[in-house]
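Enquirer: What follows is a single structure, and I will ask about it in a moment.
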Amino acid sequence: MGAANVAEEAKRLLRTRITDPSFVFSFFSQNSNSNYSNLKYIISSSVTETCNNSALLMGPRGCGKIAILELVLEELMKEHPGMISVIKLNGLLHGDSKCAMKEIARQLCLEHELVFSKMASYDDNSTFLMSMLRECGLAHKTLVFVLDEFDLFTQGKQQLLYNLLDALQTLTSQAVVVGVSCRMDADQLLEKRVASRFSHRKLLFLHPSSEDLQRLTKHILQLSTDSGLPNDYVATFNTRLYKLLADEKFKGIIDTLAYVDATISHLLKFLFCAVSLLDSKSGILSLDIFKSALQRVQRQPKMESLKDCSILELYILVCIKRMEAKEQDTCNFNSMMKEYKSIHDTFQTSDYYARNVCLRAFEHLLDQHLLSFEDGKGHGQSTEFRPVKLLVTWPELHLALKSHRSCPTVLHKLMMDREG
Amino acid sequence: MCEDGTPKSSRRSARLSSGASPDLKPPAPPKAPKLQPLSVEDLAFHGEPLSLDALIASFPARRIQILELISLLGPLDSPMMPLFVYGGASTGKTSVMLQIFRHLNRPFVYCSLITCYSPRILFESVLNQLLLHRACESSRYASAKRCERPSDFVNLLREALSNLVNTLKGDVKSETTKSKTSRVNGNMIYLIFDHVEVAREWDMSSSVVPLLLNLRQILNMPEVGLIFISRASLDTFHSDTGFAEPFQVYFPAYNEEELRSIFMRDRAKSKLYNAFLDLVLPPFYRTTRRVDELSTVFTPLFKKYCEPLDDLGTALSEEVKRKLFSHLQPYITKYMQTTFFPSEDLSNDKSAMKNEVVKKKIAAKKEASEEIGFHMSTSARYLLISAFLASRNPATLDGSLFDSTGGLDNRKRKRKASEKSMEKKETKEQELLMKGPGTFPLERLLAIYQCITSVIDYAAEYENADSMEAEGCNNALLPNIHLQLSSLCSANFISKGGSCPLEGSTRYRSTISEDMALKVARSLDFPLFKYMYRS
């Protein structure tokens, strides 16, 4: 294998690992007191003891709730083949209860090889669900309902939730309802009658600690000898990796990453960037790669937009900032033009442009979201009259003016005036 | 609707065709050429492959971004995280993305949220491309599948994608003797969604934007790559419960050297153009950094720049350059104050013999610029002027401006106002101008309209008219008022506000500028200045 091919193969392998949630979160399945084992216990007890259960998984996005649930279900399907059947719903897609019931009927039909009719009404689907639950209960088969984006099901009348949780109360059924939500107060959103039928078992998925993140990095990045790559390459890669992981600077990088966002998905984005920067000749990770990956993952969009402004746009921003500093309540394009004219009269700048050129620059700033309208839809008024507010702060504007290459000194002076 | 959901539009036969006699045969429609059914290879670019060097050369300032995107897309058949490419307008995001796919020769599906302006059209467009559907006349250009709801979209998408991926995998395995250029690379399909920022404004935005950005989680297929292109950065996408953040790539705006290399891209040998850019780029760069806006201005300017040169191949000495610069200078200052092409300026015409023709032309041009440019009936013009006055003047002033006979009130003011109250009045007037045109109810508009039109001299138009007829003509204008008003509203000269529950009636607002109102008034010989609150 040529060197480039090896590096490419390694990249492919690592990228497959990073984008595969089941590989990433299998790291967490080893711990005995983790969410994985609790969840497994809940669902398996329903299978073995033929009882009904419901649970709610809560945690910020990117902490592995669905991934761990999938791992648990996979494990259990291996242990009890043919006794578990899974139905997946998503609050974004099936928030409407009619839609949700149709989707449940469709998935049940698919699983059990029945003919699905698109024309069935809500009542038909509902009775179908009830009879399926009864049949599965009699056959000792557990139905697992996975409700992703659970908080979106709680909008409206919560008819679907009530029907599902009510069905669990009957003796003949054998089902588990698992809700997954990124809102930490998802259980407070339930109606009284629904909440009374819910078992209030909650599993919290929180950010992993810094050491866990380090160990997860090692788990993802280390190559094993049976990965199809030449052994000497694997050996060099791994030794280099272990050396890096022990390095204080690398730990510092991971900590900086975790300050902003300690979720696993953020770490995965960082690792993805690092792997894509892997040098195609040597194919070895180095500290520089991780440093540049950190820069790319941590972005400051407002500063980027400010650096892209033309000089006229900077003038407009400084004018509006000055008007804000003078505590004028509302400012719109016309009042900004007045201020602009007064600056031109005071300082005799060469940058005095006509009204429509300024209007075009004003609209650029609106597109970049450095300015925004204060009223919602505008009630048909044109851009010149609607009140605007500035979305950047003094320090940001100051920094942008300093780093702008050809910023006129007038603007610097105007910024200094305010601080004086 | 039949089982699989394809729409069948019912056709109403026109009376003519149903009543047509049976012996008249309708002319046979021209035979449409038989189009080949689409295949997977149509999802990638056809034709010459593009090498990496050619790709980088065709985008002068985008080397870093191109290499970054290629490294993020990764080697063949490697799964990827969703990408979010953002940057200002006309920074080359879409074109770079598409040319990268031409270079890599991988199959992709592209749809822009500007052409697919509603969720249903978006879903159907993506599915059409994935199902390799060709819209033809026989099915009335219908889509392959009718899809309105996100849940249907996801199910159909999953089905279509897995079919396509299996076809691709099957292609790779089968022993075909097709040449390399006709086959696409890899087993992965990439979905490119362009102009994602407009989805924020859609009514269904609360579900479309999170749906698109969470699509990877929902689909859960590693063979699908998602790419989003947007003009706004990700932090402007507000969502109640958030979404899984894709990986962001930024396209910064061009700086001065990069703009120069872009404009010189096809004219590398032209010293003339280089000298031209030296003159125009620095001043125009201060107003805008967008390539499209700059090129709109540079094209006519370059024509003006080359005017004094008899032979474009003459060598550029300092003297020639100075001459060209002095010729161009007034045009630069003129073009700096405009955003589009200014009207032609004939005053610098060299030939003295054509003076009279030139003067006539100037006069004609002046008149043309003073005209409105489209036709409006007289009553519509008066209505427009009344609306402008109603928006411009505060309602309390109506009584003093229009006296009981409808004419302009010319009473002499009794006292001269003091300095301070004049100042206060001025600031108040300025504030009113800043705030923009005010709203007015329909009754006020009609009152002003009647006041204005009652003083029109109809006698000049109708030679045999007596006063009764003149009044009759005046009254004849009234029934059309509501029609005129609604047509002015739909032309956006007057905007209609919502009805206030306290006041009950709808309020209108005039949206025309002062220039336009003056033009309309001049065409009617109406003294608008006398009626305006502050001229």
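Read-outs throughout are calculated quantities, based only on the coordinates presented, and are distinct from any laboratory measurement. Since the model is a prediction, treat every value here as computed from it, not as a measurement. Glycine also receives a Cβ, built like all others from the backbone with ideal geometry; neighbour counts cover every protein chain displayed.
Enquirer: Neighbour counts of other C-beta atoms within 10 Å: give me A:Val260, B:Val208, B:Val320, A:Val86 arranged from fewest to most.
Expert: Starting with the residue having the fewest Cβ neighbours, the order is A:Val260, B:Val320, A:Val86, B:Val208.
Enquirer: List the aspartates and glutamates whose Cα lies under 16 Å from the Cα of B:Lys323, skipping any in the same chain that are fewer than 8 positions away.
Expert: Result set, ordered by chain and number: B:Asp278, B:Glu307, B:Asp310, B:Asp311.
Enquirer: Which pairs break 25 Å Cα to Cα here: A:Lys338/B:Lys334; A:Lys98/A:Lys377; B:Lys271/B:Lys303? Before the final figure, lay out each step's value.
Expert: Working: A:Lys338/B:Lys334 22 Å; A:Lys98/A:Lys377 33 Å; B:Lys271/B:Lys303 15 Å.
In this structure, A:Lys98/A:Lys377 lie more than 25 Å apart at Cα.
Enquirer: Further question: If one computes the Cα centroid of segment A:32-93 and of segment A:225-251, what distance in Å separates the two points?
Expert: 34 Å
Enquirer: Just to confirm the number: angle between the C-alpha axis of helix A:248-260 and the first principal axis of chain A, 0 to 90 degrees, nearest 10?
Expert: Taking Cα atoms only, the helix is inclined about 90 degrees.
Enquirer: What number, rounded to the nearest 500 deg cm²/dmol, is the helix-based mean residue ellipticity at 222 nm of the protein assembly as shown, given -39500 (n - 2.57) per DSSP H run of at least four residues and division by all its residues?
Expert: Result for the protein assembly as shown: -15500 deg cm²/dmol, rounded to the nearest 500.
Enquirer: Now a separate question. Report the FRET efficiency, 1/(1 + (r/R0)^6), for B:Val320 and B:Leu98, where r is their Cβ-Cβ distance and R0 is 56 Å, rounded to 0.05.
Expert: 0.85
Enquirer: Cut-off under 16 Å on the C-alpha distance; same-chain residues fewer than 8 positions from A:Lys202 excluded. Which aspartates and glutamates are left, in chain and number order?
Expert: Within reach: A:Asp148, A:Glu149, A:Asp151, A:Asp185, A:Asp187.
Enquirer: Please arrange A:Asp351, A:Asp185 by counting, for each residue, the other beta carbons lying within 10 Å of its beta carbon, fewest first.
Expert: Ordered from fewest to most neighbouring Cβ atoms within 10 Å, A:Asp351, A:Asp185 come out as A:Asp185, A:Asp351.
Enquirer: Which is the longest part of chain A that has none of the trypsin sites (Lys or Arg not before Pro) sitting in a DSSP loop with at most 11 other Cβ atoms within 10 Å?
Expert: With a cap of 11 other Cβ atoms within 10 Å, the longest stretch comes to A:1-156.
Enquirer: Looking at chain A as a GNM with Cα springs under 10 Å, which of A:Phe347, A:Phe27, A:Phe198 has the largest mean-square fluctuation?
Expert: Among A:Phe347, A:Phe27, A:Phe198, the largest GNM mean-square fluctuation belongs to A:Phe347.
Enquirer: Output ³J(HN,Hα) for segment B:42-52: one whole-Hz value per residue in order, computed from phi by the Karplus curve 6.51 cos²θ - 1.76 cosθ + 1.60 with θ = phi - 60°, and x for Gly and Pro.
Expert: Here the 3J(HN,Hα) series is 6, 7, 10, 5, 8, x, 4, x, 10, 7, 5 Hz.
Enquirer: To make sure I understand, if each residue's beta carbon is the centre and we count other beta carbons within 10 Å, what order do A:Met58, B:Met376, B:Met422 fall in, fewest to most? Could the numbers behind the result be given before it?
Expert: Working: A:Met58 22, B:Met376 18, B:Met422 11.
Taking fewest neighbouring Cβ atoms as first place, the list is B:Met422, B:Met376, A:Met58.
Enquirer: Now a separate question. So if the hydrodynamic radius of the protein assembly as shown is defined as the Kirkwood radius over C-alpha pairs, what does Stokes-Einstein give as its diffusion coefficient at 10 °C and 1.306 mPa s, in µm² per second?
Expert: 46 µm²/s
Enquirer: Next question, about the same structure. Under the definition of partner shielding as Cβ atoms of other protein chains within 10 Å of a residue Cβ, what is the mean value for peptide A:96-103? Intermediate values should be presented prior to the final figure.
Expert: Working: counts 2, 0, 0, 4, 1, 0, 3, 4.
That average works out to 2.
Enquirer: What does the structure give for B:73-82 when I average, per residue, the other chain Cβ atoms found within 10 Å of the residue Cβ?
Expert: 6
Enquirer: Moving to a separate point now. Could you work out how far helix A:65-79 tilts from the main Cα principal axis of chain A, as a 0 to 90 degree angle to the nearest 10?
Expert: On a 0 to 90 degree scale, this one is about 20.
Enquirer: Applying 1/(1 + (r/R0)^6) with R0 = 35 Å to the Cβ-Cβ distance of B:Lys425 and B:His375, what FRET efficiency is obtained, to the nearest 0.05?
Expert: 0.30
Enquirer: In addition: Based on a Kirkwood Rh over C-alpha pairs, give the Stokes-Einstein translational diffusion coefficient of segment A:267-420 at 10 °C and viscosity 1.306 mPa s in µm²/s.
Expert: It diffuses with D of about 90 µm²/s by this estimate.
Enquirer: Still on this structure, please answer the following. Would you mind counting up the charge near A:Asp166? Only other residues with Cβ under 9 Å from its Cβ, with Lys and Arg at +1 and Asp and Glu at -1.
Expert: +2
Enquirer: Quick one: length gained pulling B:Ser139 to B:Thr296 fully straight, 0.36 nm per residue minus the C-alpha distance?
Expert: 52.3 nm
Enquirer: Please report, in debye to the nearest 20, how large the charge dipole of the protein assembly as shown is about its Cα centre when each Lys and Arg carries +1 at its beta carbon and each Asp and Glu carries -1 there. List each step's numbers first, then the result.
Expert: Working: 118 positive and 111 negative charges, 223 e Å.
In debye, rounded to 20, the protein assembly as shown gives about 1080.
Enquirer: Taking 56 Å as R0, compute the FRET efficiency from the Cβ-Cβ separation of B:Gln337 and A:Met130 and round it to 0.05.
Expert: 0.15
Enquirer: Please work out the Cα center distance from segment A:164-204 to segment A:309-338, rounded to the nearest Å.
Expert: 53 Å
Enquirer: Moving to a separate point now. Over all distinct Cα pairs, what is the inverse of the mean 1/r for chain A, reported as the Kirkwood hydrodynamic radius in Å? Write out the running numbers ahead of the final one.
Expert: Details: mean 1/r = 0.0378 Å⁻¹.
Here the Kirkwood hydrodynamic radius works out to 26.5 Å.
Enquirer: Check the straight Cα-Cα distances from A:Lys281 and name the aspartates and glutamates below 17 Å, setting aside those fewer than 8 residues away within the same chain.
Expert: Counting by Cα, and skipping residues close in sequence, A:Lys281 has these aspartates and glutamates nearby: A:Glu8, A:Glu9, A:Asp232, B:Glu68.
Enquirer: Also, I was wondering about something else. Compute the signed sum of charges (Lys and Arg +1, Asp and Glu -1) over the other residues within less than 15 Å, Cβ to Cβ, of A:Met101.
Expert: Summing Lys and Arg as +1 and Asp and Glu as -1 gives +1.
Enquirer: Once both labels are modelled 7 Å past Cα along the beta-carbon direction, what's the A:Ser34-A:Lys218 spacing in nm?
Expert: 1.5 nm
Enquirer: Helix A:210-221 sits at what angle to the longest principal axis of chain A, using alpha carbons and giving 0 to 90 degrees rounded to 10?
Expert: In chain A, helix A:210-221 runs at an angle near 80 degrees to the longest axis.
Enquirer: Can you give the net charge of the other residues whose Cβ lies under 15 Å from the Cβ of A:Val47, counting K and R as +1 and D and E as -1?
Expert: Values: positive: A:Lys40, A:Lys78, A:Lys141; negative: A:Glu49, A:Glu74, A:Glu75, A:Glu79.
Here the count lands on -1.
Enquirer: In the structure displayed, which of A:Lys326/B:Lys93; A:Lys326/B:Lys428; A:Lys40/A:Lys218 lie more than 30 Å apart, Cα to Cα?
Expert: A:Lys326/B:Lys93
Enquirer: Between B:Ser71 and A:Asn5, what is the label-to-label distance in nm when each label sits 7 Å out along the Cα-to-Cβ direction?
Expert: Those two pseudo-labels are separated by 2.4 nm.
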